[in-house]
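The values are calculated or read from the model by the stated rules, or taken from the named source; none is laboratory data. Keep in mind that what you see is a predicted model, and the values were worked out from it rather than measured. So basically every Cβ, Gly included, is an ideal-geometry build from the backbone, and we count neighbours across all protein chains shown.
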Amino acid sequence: MSERSELLLIYTGGTIGMVEDVETGALHPINFDQLQAEIPELKKFDCNITVKSLLSPIDSSNMNVQVWKELLQIIESSYEKFDGFVIMHGSDTMAYTASAISFLLENVNKPIIFTGSQLPIGKIRTDGKENLITAIEIAAAKENGKPIVPEVALYFEYSLYRANRTTKVSAENFEAFQSPNYPLLAEAGVHIKYNRFAIRKWEDKKVIARKNINDQVASVKIFPGLRRDVFQAIANLPNLRGLILETFGSGNVPSDSWFSEEILRLNERGVIVLNITQCTTGSVIQGKYETGVHLENAGVISGKDMTFEAAITKMMYLLSCDELSIDEQKSYVDKNLRGEIS
Ligand code: ASP
C-alpha cells in the first residue's frame, strides 16, 4: 500500500454480527461496538477505518428498497471522503443488495466490497473474521495511487466476485457463493492474487445514487403445469412495469398459445418482460428452439447470462430512470451496463 487508505466499514446486520438469544437459541443482530470487541485485529490495519451502522441492523431476509436507499445515502454522502467501502451484510440476500448497489450507484470507481459469514463472528470456528479482514485488505489495496478493485464486489471464503454475477448457492458450506458465468476477480491464499483482466478499469467519474427505486416488478418461475390463471394473477397487476420470466434451459417456455397472448398483452401495456434461464450456467438464446421463438416474437427480451439477482435489480434500476422513455429503458435491458452480461 503506497499511502494510508481511508475506509468506511458499514454494518447492515447478518449472521456475521449476530448472537444467540440465551432463551430461544435464535440468532439476532448485535450493535457494532460489541462486534468490534470481537475483532481486535481491526486496529492493526495499515489504514484508517471508520465504522458506521444502519439505524437498525437487520437479518438480511428483511432487506427491502427502503434499506437500499439508506445504504445508498450513506455511500453517496461519504463517497469523496473515503478510498474504499466494506459492507457487512447477511449472506441470504447479499447477492441481491450487491447487485442492486452495482446498478443504483452509477459511475463507481472505488472498491465497494460486500462480505458476511455463515457463522457469527463470536463463534470459535467463524468464517467471519477471515472474510472481513480480507475484504478490508482488498478495499484498501492501491497501485500507483489508484484502487486495484474499482467496482462493486463480494468477498466470501477466499474468493472475490463481481457483485452482479453472484448468487448464494449453499446454506451450509463456508463456500456459499458462486459467480457461475464470470471468473473470480481475485483469489486469497498466502497472497491475494488479482485477476486484472476480469476487474473493471478505473475511470475518472462522479458517482450518482439513484434513490427513487422503482419496485413495480415481479417474477414468474415457469414449471410444467403452470396455469394461465396463476400467470394472470401476476401479469394483471395494474401497476406492473417489469416482469422477469424464469424459463427452462436456453430460455424456453411451453408453446401454448395463451402464453404468447399474455405476453403480447403485457407488451401492449408497456410492461418490460425479461427472460432469464433457471439453469445456473449458460445463457438464454431465444431463437434456439421453437419453444423460445414465440417469446422472441412476442417481444420478450433475452436476459442472456444474467443471474436472477442481477436481472431483478437491473429492472428496478432501469425503471427508476424516469428521464428515459419505456422504449429507451427496454433498449438497455439486454445491454451490458455494469459487467453483468457476458
Ligand atoms: N439470515 C442471515 C442473514 O442473511 C444469514 C447470514 O447472514 O448468513 O442475515
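Identify all residues within region 70-84 that are without any contact (Cβ under 8 Å) to a residue 12 or more places away in the chain and either in a helix (DSSP H, G or I) or within 16 Å of the ligand (Cβ to nearest atom) (or both); write none if there are none. Step through it out loud before you land on a result.
Here is the first cut: in region 70-84, the ones without any contact (Cβ under 8 Å) to a residue 12 or more places away in the chain are 77, 80.
Within region 70-84, 77 is the sole residue that qualifies.
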Original post:
For region 1-24, what are the residues that are more than 24 Å from the chain's Cα centre (by Cα) and modelled with pLDDT under 80?
Top reply: 1, 2, 3, 19, 20, 21, 22
Original post:
Out of (1) in a loop (DSSP other than H, G, I, E, B); (2) more than 20 Å from residue 102 (Cα to Cα); (3) among the aromatic types (Phe, Trp, Tyr), what's the single condition that is false for residue 202?
Top reply: (2)
Original post:
Inside region 140-160, can you point out the residues that are part of a loop (DSSP other than H, G, I, E, B) and farther than 16 Å from residue 85 by Cβ?
Top reply: 144, 145, 157, 158
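Condition (residue is of a type in the set (Val, Ile, Thr), closer than 23 Å to residue 168 by Cβ and surrounded by 14 or more Cβ atoms within 10 Å (Cβ to Cβ)) applied to region 261-272: is it met by at least one residue?
Narrowing region 261-272 to residues of a type in the set (Val, Ile, Thr): 263, 271-272.
After this cut, where a residue has to be closer than 23 Å to residue 168 by Cβ as well, the list is none.
Within region 261-272 (the criterion being of a type in the set (Val, Ile, Thr), closer than 23 Å to residue 168 by Cβ and surrounded by 14 or more Cβ atoms within 10 Å (Cβ to Cβ)), the answer is no, since none of the residues qualifies.
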**OP:** Starting from region 309-332, keep only residues that are closer than 26 Å to residue 168 by Cα, then list their pairs with residues that are acidic (Asp, Glu) whose Cβ atoms are within a distance under 8 Å, requiring at least 6 positions of separation or different chains.
**Re:** 310/340; 314/340; 316/215
**OP:** Identify, from the list 80, 76, 70, the residue that is of a type in the set (Asp, Glu) and either exposed (fewer than 13 other Cβ atoms within 10 Å of the Cβ) or modelled with pLDDT under 90 (or both).
**Re:** 80
**OP:** For region 92-105, state whether one or more residues are away from the ligand (no atom under 16 Å from the Cβ), more than 13 Å from the chain's Cα centre (by Cα) and of a type outside the set (D, E, K, R).
**Re:** no
**OP:** Mind counting the residues in region 207-230 that are acidic (Asp, Glu) and surrounded by 12 or more Cβ atoms within 10 Å (Cβ to Cβ)?
**Re:** 1
Original post:
Take the residues of region 43-69 that are without any contact (Cβ under 8 Å) to a residue 40 or more places away in the chain and away from the ligand (no atom under 16 Å from the Cβ): which is nearest to residue 206 (Cα to Cα)?
Top reply: 66
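Test residue 329 against the criterion of being touching a Leu at 6+ places or on another chain (Cβ under 7 Å) and assigned to a loop (DSSP other than H, G, I, E, B), and give yes or no.
The answer is no for residue 329.
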Original post:
Are there any pairs, at least 6 apart or on different chains, whose C-beta atoms fall under 6 Å, with the first in region 154-169 and surrounded by fewer than 24 Cβ atoms within 10 Å (Cβ to Cβ) and the second part of a loop (DSSP other than H, G, I, E, B) and among the aliphatic types (A, V, I, L, M), and if so, which?
Top reply: 159/184; 168/176
**OP:** Residues being part of a loop (DSSP other than H, G, I, E, B) and either free of Cβ contacts under 8 Å to residues at least 24 places away in the same chain or over 21 Å from the mean Cα position of the chain (by Cα) (or both): count how many of those fall in region 175-195.
**Re:** 7
Original post:
Which members of region 25-66 meet the condition of being part of a helix (DSSP H, G or I), buried (at least 19 other Cβ atoms within 10 Å of the Cβ) and modelled with pLDDT of 80 or more?
Top reply: 60
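When only residues in region 295-305 that are of a type outside the set (Asp, Glu) and in contact (Cβ under 8 Å) with a residue 40 or more places away in the chain count, which is surrounded by the most Cβ atoms within 10 Å (Cβ to Cβ)?
Start the filter on region 295-305 by keeping residues that are of a type outside the set (Asp, Glu), which leaves 295, 297-304.
Subset that is in contact (Cβ under 8 Å) with a residue 40 or more places away in the chain: 295, 300, 302-303.
Numbers: 295: 25, 300: 25, 302: 23, 303: 28.
Only one residue tops the list, namely 303.
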